[in-house]
1. Need the C-alpha centroid separation for segment 613-634 versus segment 516-566, integer Å.
2. Over segment 1-77, calculate the relative contact order: mean separation of alpha carbon pairs under 8 Å at least 6 apart, over the residue count, as a percent.
3. Can you list residues from other chains, or at least 5 along the same chain, whose modelled amide H is less than 5 Å from the amide H of residue 634?
4. How large is the dipole of segment 69-219 about the Cα centre if only Lys and Arg carry +1 and Asp and Glu carry -1, each at its Cβ, rounded to the nearest 20 debye?
5. I'd like the orientation of helix 58-77 relative to the chain: the angle between its Cα long axis and the longest Cα principal axis, in ° from 0 to 90, rounded to 10.
6. Using the Karplus equation 6.51 cos²θ - 1.76 cosθ + 1.60 (θ = phi - 60°), what ³J(HN,Hα) coupling, rounded to whole Hz, does each residue of segment 762-777 give in order, writing x for Gly and Pro?
7. First obtain the Kirkwood hydrodynamic radius of segment 265-385 from its Cα pairs, then insert it into the Stokes-Einstein equation at 37 °C and 0.692 mPa s, and state the resulting D in µm² per second as a whole number.
8. Sticking with the crude label model, points 7 Å out along Cα→Cβ, report the distance from residue 59 to residue 579 in nm, one decimal please.
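Please treat every number below as a calculation from the coordinates, not as lab data. What you are looking at is a predicted structure, and each value in this text was computed from that prediction instead of being measured. Reconstructed Cβ throughout: ideal geometry from the backbone, glycine too, with neighbour counts over all protein chains shown.
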Amino acid sequence: MEYGPAPEDSSIVRNWLEARSGGFGHFIDGAFTPPGTTFAVDNPATGETISQATQSSAADVDAAVAAARRAQPGWAALGGHGRARYLYAIARHVQQHARFLAVLESIDNGKPIRETRDIDVPLVARHFYHHAGWAEIAADELPGTEPWGVCGQIVPWNFPLLMLSWKIAPALAAGNTVVLKPAEYTPLSALAFAGICAEVGLPAGVVNIVTGDGETGAAIVAHEGIDKLAFTGSTEVGRIIRRETAGTGKGLTLELGGKSPFVVFADADLDAAVEGVVDAIWFNQGQVCCAGARILVAEAVVERFTALLRARMATLRVGDPLDKSTDMGAIVHPVQLARIRDLVAQGKAEGAVIEQGDAPQGCFYPPTLVTNVDPASVLSTEEIFGPVVTLTAFRTPADAVELANNTRYGLAASIWSENVNLCLDIAAQVKAGVVWINCTNVFDAGAGFGGYRESGFGREGGREGMTAYLRAPRRAAPQGVGDLPEPVAQPGEAPTQSGGIDRTAKLFVGGRHARPDSGYSYTVEGSKGPVGLAGLGNRKDIRNAVEAASKAGGWGKATGHNRAQILYYLAENLSARAAGFADRLAGFGATQAAAEAEVETAIRRCFWYAAQADKFDGAVHQTKSAHVTLAMPEPLGVMGVVCPTRAPLAGFLALVLPAIAMGNRVVAVPSQTHPLAATDLYQVLETSDVPAGVVNIVTGPRDALAATLAGHDGVAGLWYVGSPEGAAMVERESAGNLKQTWTETDGARDWSGHEGQGRAFLSRATQIKNIWVPYGE
Ligand code: NAI
């Protein structure tokens with residue numbers, strides 16, 4: 001059956017644009033600036049220039065940041081309820097302007113009106129309502145936190161208004177003010193949103209919108225007045241931002257690219273799964289970071305499924321985004337269209353078979369199915385950000401998992417089977433921040449969204465999203481113990497003239513005492529001269545330790561109860577040797593009382609994390625009527641921990657225990673100056689049944705070892721306590737695989753005191769996987 005055209009009336013937007021025919025300036029300090037040097041804003045569906053927006057200068061960014069800074073104390077002082085009232089008002093006004101916003105977004109971006117009307121705009125309103133609620137209750141629910149201050153927020157063009165709401169709603173709820181930059185292809189809905197802020201009487205300077213290209217984005221990233229940055233966009237730019245912000249102390253969350261698997265098992269409802277593909281990759285023309293871009297289908301049904309999919313692809317209507325029966329609209333910009341064409345041509349040249357539906361002339365691209373595609377092909381590995389999906393058959397569930405995880409990304413996954421056991425088994429094994437079971441591309445403000453691996457870090461939405469906009473209260477400036485002298489190498493275990501030296505501690509790798517690769521040791525000084533030798537570890541030792549840790553993956557699958565048992569055992573064994581540890585610490589110069597207190601803290605810390613091992617758990621969010629969303633904290637994987645100089649026992653355990661309690665395996669670099677408190681633990685670890693490879697210890701030069709950990713792709717998270725320069729290096733070098741870092745200046749915290757443990761450590765040691773499970777319908 002043919003449909004006639006059903007065009008949406010766009011006069012509401014045409015009139016709005018006409019009334020602003022001189023183009024747009026920025027929205028700074030509660031008012032629009034006059035247009036400056038402008039760039040054209042085009043409707044990609046028609047090629048027509050519909051408006052002009054201003055390319056921000058450095059002075060514009062300065063003015064916006066200054067306005068946000070001035071407004072922030074007053075905004076925070078309004079209190080949760082005061083802020084909630086404004087957020088509710090914004091939500092209501094978004095609803096009142098829903099049709100206008102839907103049409104504007106469709107014209108500016110090219111996406112079908114059906115989607116902006118039914119998905120984007122309702123979700124925008126939902127985000128403001130949800131976060132109005134968070135503003136109301138944050139002081140009770142997230143005590144002991146404060147807003148960051150001024151947030152810099154950079155959003156992409158694929159969901160311009162929705163991404164804006166994901167960023168602005170939680171930031172405002174938490175008491176921050178913002179400077180947001182929309183993408184240069186799609187600035188209009190952000191500017192319309194600025195109008196809504198003015199309409200509801202939001203205090204001047206709380207929301208500032210500056211327009212411009214990547215240069216403007218870079219100016220926001222580099223601005224000293226920005227306390228926290230939130231970015232959504234390409235992994236490439238995310239990496240640049242990670243490097244640029246290294247060592248600045250700015251908070252950072254990155255929501256980056258993906259190449260998400262869409263797994264169809266033989267017993268799936270194939271018709272439903274085919275509709276799922278439509279929503280996974282043809283929704284928004286495939287310009288979706290969590291698009292199901294790789295279909296993996298069970299061999300037994302591959303032919304039937306592909307036939308159904310081909311038939312469905314042929315029915316998709318590509319064309320005028322404002323036509324209510326259009327399924328796929330325009331690609332956002334000719335540059336993006338060229339990129340898609342180029343990638344598909346490369347795939348074709350590699351031998352992939354390309355099948356396509358119809359698309360009109362212009363900035364449109366047809367729905368595309370790619371078969372006969374090698375897992376190493378550019379089409380299997382690169383984020384295309386277009387309506388192009390690959391299809392590969394698999395034999396067993398294990399093959400499916402291997403293929404699903406064969407990517408550097410980890411944003412989302414979709415799993416289709418009528419067997420719920422199978423779905424949940426696979427959900428546990430895929431490396432993705434969001435898993436949809438028998439559904440795809442479902443979003444809600446009440447559930448976190450964000451990725452594993454090179455898809456970035458941090459979550460948007462839900463409790464995790466809120467916490468990203470809050471920080472622990474600032475600490476007094478540390479009394480620096482940051483810089484450390486290079487340890488002086490000396491030959492292995494050669495006797496030295498100092499009578500106090502009794503032995504050379506080796507490294508601890510894969511459950512074994514290992515000689516350092518260098519063959520050298522360094523002297524460990526006590527208060528009365530040298531007290532021993534420690535192995536001088538190097539990058540080879542770190543690599544061996546990471547390998548050993550990688551092999552100990554079973555630890556992450558052990559139950560919390562299992563891990564708790566082992567940590568209790570560790571506590572007991574440490575207790576039994578308390579006197580020896582106290583002597584060791586006293587030898588470093590601590591008073592006897594302080595040494596005993598540190599050992600007592602260390603023992604208690606083992607008990608505390610043992611207690612938490614089976615209690616720090618996730619949540620069930622009631623997101624949509626037919627779903628619940630399980631928010632599961634999962635270990636990061638292999639973590640590097642570079643420990644504080646002071647409190648060499650309690651400080652070491654402060655980092656190692658929360659990491660292993662949550663199922664991570666660690667490569668630990670103990671206090672460079674007093675490593676023997678950690679090396680004395682080898683026996684305790686061995687007698688406590690900690691599996692080989694779960695805790696690996698490499699002594700030696702702190703920053704050189706930290707650098708190797710930071711650059712290692714097998715390390716998923718890295719905590720570093722050291723010098724500010726070391727912290728900057730760790731953050732910069734971690735950009736390669738976008739590992740999650742947590743850095744602090746040595747001396748900023750009392751590691752043997754209350755500050756040395758808590759839930760914050762457990763959250764940092766985990767990442768939330770949000771699993772959408774059908775429920776109740
Ligand atoms: P992009 O990452 O360059 O742009 C996203 C935002 O970052 C825009 O607002 C842009 O102006 C800004 N930006 C660019 N360079 C910057 C810098 N150095 N510092 C700060 N901000 C900067 O993405 P682009 O070029 O629009 O698209 C290229 C590819 O990136 C797409 O084909 C797609 O594969 C991917 N992409 C992924 C997105 C996602 O949500 N995962 C969103 C947009 C693009």
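1. One Cα centre to the other: 34 Å.
2. Numbers: 72 pairs, mean separation 18.1, N = 77.
Reported relative contact order: 23 percent.
3. Placed amide hydrogens put 767, 768, 769 under 5 Å from residue 634.
4. On the way: 12 positive and 13 negative charges, 56 e Å.
Its charge dipole is roughly 260 debye.
5. With rounding to tens, the tilt is 70 degrees.
6. 5, 5, 5, 8, 10, 10, 8, 9, 9, 10, 8, 10, x, 7, x, 9
7. Numbers: Rh = 14.9 Å.
Translational diffusion coefficient: 220 µm²/s.
8. Label at residue 59, label at residue 579, 7.6 nm between them.
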